[in-house]
Amino acid sequence: MPRLSYRKALTRALADEMARDESVFLLGEDIRVAASNVTAGLLKRFGPERVVDTPLSEQAFTSFATGAALAGLRPVVEFQIPSLLFLVFEQIVNHAHKFPLMTGGQAEVPVTYLVPGSGSRTGWAGQHSDHPYSLFAHVGVTTVVPATPADAYGLLVSAIRHVDPVVVFAPAGAMDVRADVDFAALAPVPIGRGRVHRAGDDVTVVAVGHLVHDALAVAEELADQVSVEVFDPRTLYPFDFDGLTASVARTGRLVVVDDSNRSCGIAGEIIATVVERVRLLAPPRRVTRPDGAVLPFAPALDRAVQPGREQLTAAIQLTMKDE
């Protein structure tokens, strides 16, 4: 079975959708030369009319994508740096997201915002290392964070086919993950449906994006002590709370690991919703970046601010003791 990287899964999804639907086109900064290596080969295959380099004006080309979608096209906008989403929050949330709602469904805005390399890339410092997915979930924009190559392919395909705007976060920590994949079996992944990567009986660990792989490693390390179930939401909005509730109802314990800031982050929302639904055997715990974290340039400090396996292990062990 061939091995497929997460990065190449995104490329394959883009190529497949562009071949399937002529209304799909790409735009962004330096995508013709594939600065992120995600759009590699697409200019040669599909030409400059469908792989469009833009000026360094994110607000302008994000608004352009909204207009193109209203006119019947399906633009995919690549943002090489996650913090650029702060700059275009107005264009995505107040325009693209709200037009269908404010017109009673008369307008559709099928734009996909792809963020390859979101979160920290070593040494990219404070203005390039954010993970602002909770902001989009908060306002109701469809938000997905795939963890595996197959899910990266399937969720990007589903995002492009969706009738509403979708933000696709592809974490830097997952971009080089490889997996054995049957190319013929690659298919759209339903938006809003989570996945249990590992079954367990004692505690449910919800891991977002690349942290799924850390959660699986910790679950294996603790296998002789604790039976850990690893739940990957895949979509942060709409969130599969029914799937998660079923998991926590069995295990009775909950730990959430999330590579974004603690205050007002998605981890807190997950915990709040679960405790409204399930009586836990022990207090839930979350492993996140600190409150208001701004990632430093120094690699050692960069890593120290991010949630890691040691913190997750400690949170699981504390949850098992607190009854």
Please state the relative contact order of the chain as a whole percent: Cα pairs under 8 Å, 6+ residues apart?
16 percent
Note down the net charge around Thr122, summing +1 for each Lys or Arg and -1 for each Asp or Glu among other residues with Cβ under 9 Å from its Cβ.
+1
Under 5 Å, built H, 5+ apart or other chain: amide partners of Arg198:
Val230
What lysines does Lys321 reach when the alpha-carbon gap must be under 29 Å and sequence neighbours fewer than 8 apart in one chain are set aside?
none
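Reported to two decimal places, what Rg/Rh ratio describes the stretch 111-156 when computed on Cα atoms with Rh from the Kirkwood expression? Present the calculation step by step, with values, prior to reporting the outcome.
Details: Rg = 11.9 Å, Rh = 12.0 Å.
We get a ratio of 0.99 for the stretch 111-156.
Hey, got a sec? Which trypsin sites (Lys or Arg not before Pro) in the stretch 243-323 land in a DSSP loop and have at most 10 other Cβ atoms within 10 Å?
On the way: sites: Arg250, Arg253, Arg262, Arg277, Arg279, Arg285, Arg286, Arg303, Arg309, Lys321; in loops: Arg253, Arg262, Arg279.
Here the trypsin sites (Lys or Arg not before Pro) that fit, given the DSSP loop and packing criteria, are Arg279.
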Protection proxy ranking, peptides 231-237, 55-61, 312-318, average beta carbon neighbours within 10 Å, highest first
231-237, 312-318, 55-61
Highest GNM mean-square fluctuation among Val168, Val145, Val33, for the chain with Cα springs under 10 Å, belongs to Val33
The set of residues whose placed amide H lies less than 5 Å from the amide H of Leu236, leaving out same-chain residues fewer than 5 positions away, is Thr143, Val144, Val145
For Asp291, solvent-accessible area (1.4 Å; no DNA, RNA or ligand), Å²:
100 Å²
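Kirkwood hydrodynamic radius (Cα pairs, Å) of the stretch 215-311?
Numbers: mean 1/r = 0.0685 Å⁻¹.
Computed over Cα pairs of the stretch 215-311, the Kirkwood hydrodynamic radius comes out at 14.6 Å.
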DSSP bridge pairs, the chain: antiparallel proportion in percent, nearest 5:
20 percent
Glu221 accessible area, nearest 10 Å², 1.4 Å probe?
110 Å²
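Per the Kirkwood treatment, what hydrodynamic radius in Å, one decimal, follows for the stretch 1-149 from the mean inverse distance over all distinct Cα pairs? Mind dumping the intermediate values first?
Values: mean 1/r = 0.0623 Å⁻¹.
Kirkwood radius, the stretch 1-149: 16.1 Å.
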Log entry: pair-distance distribution for the chain, C-alpha pairs binned every 10 Å from zero, whole % per bin is 6, 27, 34, 23, 8, 1, 0
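Per DSSP H run of at least 4 residues, take -39500 (n - 2.57); add these up for the chain, divide by its residues and hand me the 222 nm value, nearest 500 deg cm²/dmol.
Numbers: 12 runs with 116 residues, N = 323.
It comes out at -10500 deg cm²/dmol, rounded to the nearest 500.
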Expressed in nm², what is the orientationally averaged projection area of the convex hull enclosing the Cα positions of the stretch 30-73?
3.4 nm²
Relative contact order (%) - the stretch 1-92, alpha-carbon pairs under 8 angstrom, separation at least six:
31 percent
List the residues, sorted by chain then number, that are 5 or more residues from Gly117 or on another chain and whose placed amide H is less than 5 Å from its amide H.
Ala170, Ala172
Normalise the Debye intensity by I(0) for the stretch 147-267, one equal point scatterer per Cα, no solvent, then take log10 at q = 0.19 Å⁻¹ and round to two decimals.
-1.11
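Give me D for the stretch 66-190 in µm² s⁻¹, whole number, from Stokes-Einstein with Rh from the Kirkwood sum over alpha-carbon pairs, 10 °C and 1.306 mPa s. Present the calculation step by step, with values, prior to reporting the outcome.
Numbers: Rh = 15.1 Å.
Taking Rh from Cα pairs, D becomes 105 µm²/s.
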Can you give me the pair-distance distribution of the stretch 155-221, C-alpha pairs, 10 Å bins, whole percents?
15, 42, 35, 8, 0
Which value, in debye to the nearest 20, describes the size of the charge dipole of the stretch 153-266 about its Cα centre when Lys and Arg Cβ atoms bear +1, Asp and Glu Cβ atoms bear -1, and nothing else is charged?
380 debye
GNM on the chain, Cα springs under 10 Å; top mean-square fluctuation among His97, His197, His210 goes to His197
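The values are calculated or read from the model by the stated rules, or taken from the named source; none is laboratory data. The shown structure was predicted, so the numbers you read here are calculated from the model rather than taken from an experiment. Cβ atoms come from the backbone with ideal geometry, glycine included; neighbour counts cover every protein chain shown. All accessible areas refer to the heavy atoms of the entire protein, side chains included, with ligands and DNA or RNA removed. Shrake-Rupley method; radii C 1.70, N 1.55, O 1.52, S 1.80 Å.
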